[in-house]
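The values are calculated or read from the model by the stated rules, or taken from the named source; none is laboratory data. In this text the structure is predicted, and so the values were computed from the model without any measurement. Positions of Cβ are backbone-derived with ideal geometry, glycine not excepted, and every protein chain shown enters the neighbour counts.
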Amino acid sequence: MAERSIRVDKGWSWRSFFLQWEWLLVLIFIVVNIVNSTLSPYYLTADTFLSTPQTFLDQAFLVLPMTMVIILGMIDISVASTAALSAVIMAVSFHAGLPMPLAALLCLAVATVCGLINGILITRFKELSAVIVTLATMIIYRGIAYVILTDQASGDFPSWYAALGWGSVGGVPIILVAFAACAVIFGLLLHSTSFGRRVFAIGNNLTASRYSGVKTDAVIVTVFVLTGLMAGFTSLFLTSRMGSTRPNVAQGYELSVIAMVVLGGVSTAGGKGRIGGPLLAIFIIGFLNYGLGLVNIQAQSLLIIVGLLLILSVLVLNVRFRNRHQRSVPAAAKMVAGEGQPNEDRNP
Amino acid sequence: MRRVFRRGAMITAIAVVTLLVLAFAAGCAKPVSNTYAIVFKNTGNPYGDKQMSGFEAGIKEQGFQAILRAPDQPTAEGQIAIIEQLIAQHVAAICIVGNDKDALQPVLTKAKNAGIKVFSLDSGVNPASRLTHVNQADSAKIGSTLVEAAYDMAGGSGDIAILSATSQATNQNLWIDFMKKDLQDPKYANLHLVKIAYGDDLRDKSVSEAQGLLASYPKLKVIIAPTTVGIAAAGKVLTDKHLGGKVFLTGLGLPSEMATYIESGVCPYMFLWNPIDVGYLGSYVATALVKGTITGKVGDKFKAGRLGDYTITQAPDGGTEVLLGPPFKFDKTNIEDWKTVY
Amino acid sequence: MKRTATASESFRELGLLVFIVIICVAVQLRNPAFLTLSNIGDLLTNTAILSILSVGMMMVILTRGIDLSVGATIALAGMVSALTVNSFRAISPLVSVLEGMAVGTVAGVLIGILIARFNVLPIIATLGFMNVLRGLTYVVSKGAWVSAYQMSDGFKGIATGGVAGISTPIIIAVVINLAFFYFINHMKTGRQIYAVGSNPEAADISGIPRRRIILLVYTIQGALAGLGGVIWVAKFASAQSDTAMGFELSVIAATVLGGVSIAGGSGKVSGLILGTILFGILNNALPLINVSPFWQQAIQGVVILAAVLVNVMVKRNSQRFALRRRAI
């Protein structure tokens, strides 16, 4: 196992702990649903569970690769800008004559390239942390979107395109089907392939992995490429939901995606986590927002609630983790930007 | 055993905290169609708050319930989520102050298909998304009034500049287009529009843009700011630089924010309308649509409480609209009265 | 113990300085209104708040932390002091400033406790707090704004007043930067901040009070953010719940631009000042040279990336240089 499993003396209890966090999330999910139904008679309908996910699942595509990024010990705050840029390019190329299916592919391609650039910058310039690289690209990508589309909106897509975000297949929303497929793929990738093992290894200790023969650069670049690709999916579904796009779409997505991953129990110190947690967190936060909105809670109160929920969940995680932290202080003090290897040379 | 106990305690604690937090946010949802909703652009905007309170007053006056919502960020995505929630609550009508002209079309169509009457207010949505639009004042009139004011303040000739909001804002862009058209009139031949700057409705950006205008165009005579954030920012900049009397300011501003600058003469006069009245008018449009008194067609007539009778007219974008009235002028003589109202 | 400056550091600052000079010259050629006393005064005043906050952010980043909540702290502190001035007009501006700093300090202490005592990762603690503080700003003000006419002249004078033509915010920023320079370079606790960021485990073992230092750092950051909040609100003569939204990214960008390493443990005050000034120049110059507003963001991003990359290349070259000459 890639986790620092002390199977010899603690063994079973660590694995139980992991299961516990996900079970806790399940419980929170049930509680949220119970409270929502009590608060509003409109909550418990088939419509809620089938069509509400359409509102928040576009962000969910980003949660999957972000989980990998955070397990790597890094972070990517440029995802929202990547989504905006790829959406804008898709719209502009469609109106320039490109058939819609090709435009959609172009959207995915552009987003993937954005991710690739991130990956290359991070691995080529190891002195730069992921935070600063993605901060710069976050500003640049959205800036390019503004240069292309200025203050205009671009829409008027063919009518079948709206079905992506609004339509269903046999009663199940298309976006849910697509997301479920991606979730399964990412889950398998992370937990059942050697690639996934390498991701965990790098997150645990970059230097050791490198010296053990893991091609760290390739793995890191791949993860960021996947992030870019998923940002493309987000942009496809978001644009379909809105029927048009502008350079300022998807603002704030990066932080809420990170919040979902962290709520899902993935430690920002890197090296551990399971895909199940973030998946549950997506639905918890999504249904919480919806249910509270049904009784017209003001947006600001919702902000406070989600903020507190985030802090509370991490506190709980940390209290459980206290022993682990004391054993590895450098890991605990590691910045989310995730370069901070304890042995790295640092010239003051 | 201790571990199980700890886990149980933790779970209970979280459940209790969650319930407590949500309990004090509770409200029983009333069933169905005596509820009318208004969705503004974002929270924390006093202009929007006034509009929403006018709407609420009008709805309550007619004996119904009002729901006031706004996203915490001025985005279309935030409004889409809110509209979905309103659809689920089976409200009778939705009055939308749009963050985006087109992006709300799919969700508003869903609302219409669910039997909800949809119309826009202040910042419009495209004609396909709405039954009608409540406009504060004739857009062309706003444009010409502001140009006339600039002409007056510049003494007939000179450089003028516009400090707008975001580059996407539907209303501002409409007014600016009318202003540009007006400026082509031979009467304004000696007025030169040197720049349109965008302050994005952010204080600090509006301040930097205003400073930039003053630095780049030393012969600037008038700044027109058709946005409450921009005009207040420009007022501050002109005051700090002691340019009152040399460079003049006009536009659309909240009397409360601009009182200091009108009294000092930095802004001789400016315009706006009463946002409370706009919301109030919206509330009567809502109930009239639901009752069937009007359908949003040109020529429909209805009565809007204390404001009197209104007729629906053709709107420049191809849809229909209801106009509140002419823009109201604020100057030294009346600012005292209005600065505490809004 | 006096630190000896390594060649790489001097190169880093030099690179930034050259960058700044090039940009200034280019802008001046396009628009001679740039290098006028009045414009420079505007530039510096607008950058003052950024400078005050980047001092705090540098300390936080030195300890391998990050603070995403500064924007929200500014908003809350500014709103609270503005509301107080609205109710009690006669309050002295000094009291308002202290009040704002108090609010910021409380926020900073809470965040510091979460990070130091409960080992919450800084990005999470500050992300959560960002939401909570913003929500509180709205709740405290009940959604209303505080406008110019509700503020006393003394309060507004915090930002507009000045001595010998230099505005108060600039003076405050200079004082804070000088104090910070002395603290971080010549006082024991200041040096310990570098140690904590450089190698927390070693710091712990050497008896450096790591947790207390981290708590101190976030507390100071909060106090500075509170101060910045009062100046901000006084400067724009308006307090609203979305004040300074997104400002935290500008602060982080300016700090990192100044050569402070995100991985902690390294950075110089001189670099910080240069980075902040460069950022301020970008914000000031772009409207002046009539850059289309739609290009502004892209250009800012490119400049940040370029400056950071140049830093890296310079550092690599100087390291190679140093190795060759066997300088330590």
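Pairs linking a residue in region A:150-177 that is within 13 Å of chain B (Cβ to nearest Cβ) and over 30 Å from B:Tyr198 (Cα atoms) to a residue that is small (Gly, Ala, Ser) and assigned to a loop (DSSP other than H, G, I, E, B), with Cβ atoms under 7 Å and 6 or more positions apart or on different chains, are A:Ala162/A:Gly243. Please count how many residues of region B:287-302 are assigned to a helix (DSSP H, G or I), under 15 Å from B:Thr320 (Cβ atoms) and touching a residue at least 40 places away in the same chain (Cβ under 8 Å). Summing the residues that are assigned to a helix (DSSP H, G or I), under 15 Å from B:Thr320 (Cβ atoms) and touching a residue at least 40 places away in the same chain (Cβ under 8 Å) in region B:287-302 gives 1. If you go through region C:111-119 one residue at a time, do you hit one that is surrounded by 24 or more Cβ atoms within 10 Å (Cβ to Cβ) and either away from every other protein chain (no Cβ under 14 Å) or at pLDDT below 90 (or both)? Within region C:111-119, none of the residues are surrounded by 24 or more Cβ atoms within 10 Å (Cβ to Cβ) and either away from every other protein chain (no Cβ under 14 Å) or at pLDDT below 90 (or both). Against the conditions (1) in a loop (DSSP other than H, G, I, E, B); (2) buried (at least 24 other Cβ atoms within 10 Å of the Cβ), A:Ser313 satisfies every one except (1). When you check B:Glu257 against the structure, is it surrounded by 19 or more Cβ atoms within 10 Å (Cβ to Cβ) and farther than 18 Å from B:Leu146 by Cα, yes or no? The answer is yes for B:Glu257. Screening region B:255-304 for residues that are within 14 Å of another protein chain (Cβ to nearest Cβ) and among the small types (Gly, Ala, Ser) and picking the one that is farthest from B:Ala128 (Cα to Cα) gives B:Ser264. Looking at region B:147-156, can you tell me whether even one residue there is hydrophobic (A, V, I, L, M, F, W, C) and closer than 20 Å to B:Val298 by Cα? There is no residue in region B:147-156 that is hydrophobic (A, V, I, L, M, F, W, C) and closer than 20 Å to B:Val298 by Cα.
The set of residues in region A:275-291 being more than 9 Å from every other protein chain (Cβ to nearest Cβ) and among the small types (Gly, Ala, Ser) consists of A:Gly276, A:Gly277, A:Ala281, A:Gly286.
Conditions tested, residue by residue: (1) in contact (Cβ under 8 Å) with a residue 12 or more places away in the chain; (2) away from chain A (no Cβ under 13 Å); (3) over 22 Å from A:Glu127 (Cβ atoms).
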site	(1), (2), (3)
C:Lys268	yes, no, no
C:Ile273	yes, yes, no
C:Thr276	yes, yes, no
C:Phe279	yes, no, no
C:Pro287	no, yes, yes
C:Val291	no, no, yes
C:Phe294	no, no, yes
C:Gln297	no, no, yes
C:Val303	yes, no, no
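So in region B:153-171, with the set limited to residues that are of a type in the set (Val, Ile, Thr) and modelled with pLDDT of 90 or more, which one is farthest from B:Ala232 (Cα to Cα)? Here the answer is B:Ile160. The criterion of being within 30 Å of B:Thr333 (Cβ to Cβ) and either touching a His at 6+ places or on another chain (Cβ under 6 Å) or in contact (Cβ under 8 Å) with a residue 60 or more places away in the chain (or both) holds for B:Gly305. C:Val140 meets all of the listed conditions (1) surrounded by fewer than 20 Cβ atoms within 10 Å (Cβ to Cβ); (2) more than 13 Å from chain A (Cβ to nearest Cβ); (3) part of a helix (DSSP H, G or I) but one, namely (2).
Note on region B:133-244: enclosed strands (runs of 3 or more DSSP E) holding 3 or more residues that are within 14 Å of chain A (Cβ to nearest Cβ) are B:191-198. What do you reckon, is C:Ser266 modelled with pLDDT under 85 and not in a helix (DSSP H, G or I)? Here the answer is yes, as C:Ser266 does meet what is asked. For region C:47-67, taking the residues that are modelled with pLDDT of 90 or more and not in a helix (DSSP H, G or I), the one that is farthest from the other protein chains (Cβ to nearest Cβ) is identified as C:Asp67. So, B:Gln51, is that one more than 16 Å from B:His90 (Cβ to Cβ), buried (at least 20 other Cβ atoms within 10 Å of the Cβ) and either within 14 Å of chain C (Cβ to nearest Cβ) or of a type in the set (Asp, Glu) (or both) or not? Judged against the criteria, B:Gln51 is a match. The set of residues from region B:263-281 being among the small types (Gly, Ala, Ser) and under 20 Å from the mean Cα position of the chain (by Cα) comprises just one member, B:Gly279. Pairing residues of region B:84-103 that are under 21 Å from B:Gln172 (Cβ atoms) with residues that are assigned to a loop (DSSP other than H, G, I, E, B) and β-branched (Val, Ile, Thr), at Cβ distances under 7 Å and at least 6 apart in sequence or on separate chains, gives B:Ile96/B:Val125; B:Gly98/B:Val125; B:Asn99/B:Thr75; B:Lys101/B:Val125. Among residues of region A:59-77 that are farther than 22 Å from B:Glu77 by Cβ and buried (at least 24 other Cβ atoms within 10 Å of the Cβ), those with a Cβ under 7 angstrom from a residue that is among the charged types (D, E, K, R) and at pLDDT 90 or above, sequence gap 6+ or separate chain, pair up as A:Val69/A:Asp76.
Of all residues in region A:92-107, at least one satisfies being surrounded by fewer than 24 Cβ atoms within 10 Å (Cβ to Cβ), in contact with a Leu (Cβ under 7 Å, 6 or more places away or on another chain) and under 21 Å from C:Gln297 (Cβ atoms).
Residues in region B:71-102 that are within 21 Å of A:Gln300 (Cα to Cα), more than 10 Å from every other protein chain (Cβ to nearest Cβ) and assigned to a loop (DSSP other than H, G, I, E, B): 2 in all.
Conditions tested, residue by residue: (1) over 16 Å from B:Leu323 (Cβ atoms); (2) crowded, with 18+ Cβ neighbours inside 10 Å.
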position: B:Lys110; (1), (2): yes, no
position: B:Asn113; (1), (2): yes, no
position: B:Phe119; (1), (2): no, yes
position: B:Asp122; (1), (2): no, yes
position: B:Val134; (1), (2): no, yes
position: B:Ser139; (1), (2): no, yes
position: B:Thr145; (1), (2): no, yes
position: B:Tyr151; (1), (2): yes, yes
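Residues are listed down the side, and each one gets a yes or a no for (1) within 11 Å of chain C (Cβ to nearest Cβ); (2) not in a loop (DSSP other than H, G, I, E, B):
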| site | (1), (2) |
| --- | --- |
| A:Gly232 | no, yes |
| A:Leu238 | no, yes |
| A:Gln251 | yes, no |
| A:Leu255 | yes, yes |
| A:Ala259 | yes, yes |
| A:Ala269 | yes, no |
| A:Gly293 | no, yes |
| A:Ser301 | yes, yes |
| A:Ile304 | yes, yes |
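Taking B:Ala128 as the residue in question, decide whether it is out of contact with any His (no Cβ under 8 Å at 6 or more places or on another chain), closer than 17 Å to B:Gly282 by Cβ and surrounded by fewer than 21 Cβ atoms within 10 Å (Cβ to Cβ). In short, no. Mind listing whichever residues of region A:38-61 are at the interface with chain B (Cβ under 9 Å from one of its Cβ atoms), part of a helix (DSSP H, G or I) and touching a helix residue (DSSP H, G or I) at 6+ places or on another chain (Cβ under 6 Å)? Scanning region A:38-61 gives A:Gln54, A:Thr55, A:Phe56, A:Asp58. I'm checking my understanding of the structure. Among residues of region B:67-119 that are modelled with pLDDT of 90 or more and of a type in the set (Lys, Arg), which one is nearest to the chain's Cα centre (by Cα)? Here the answer is B:Arg69.
Yes or no, residue by residue, for (1) modelled with pLDDT under 90; (2) among the small types (Gly, Ala, Ser):
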| residue | (1), (2) |
| --- | --- |
| C:Leu37 | yes, no |
| C:Asp42 | yes, no |
| C:Val80 | no, no |
| C:Ser87 | yes, yes |
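Taking the numbered list (1) on the phi < 0 side of the Ramachandran plot; (2) buried (at least 21 other Cβ atoms within 10 Å of the Cβ) in turn, B:Asp201 passes all entries but (1).
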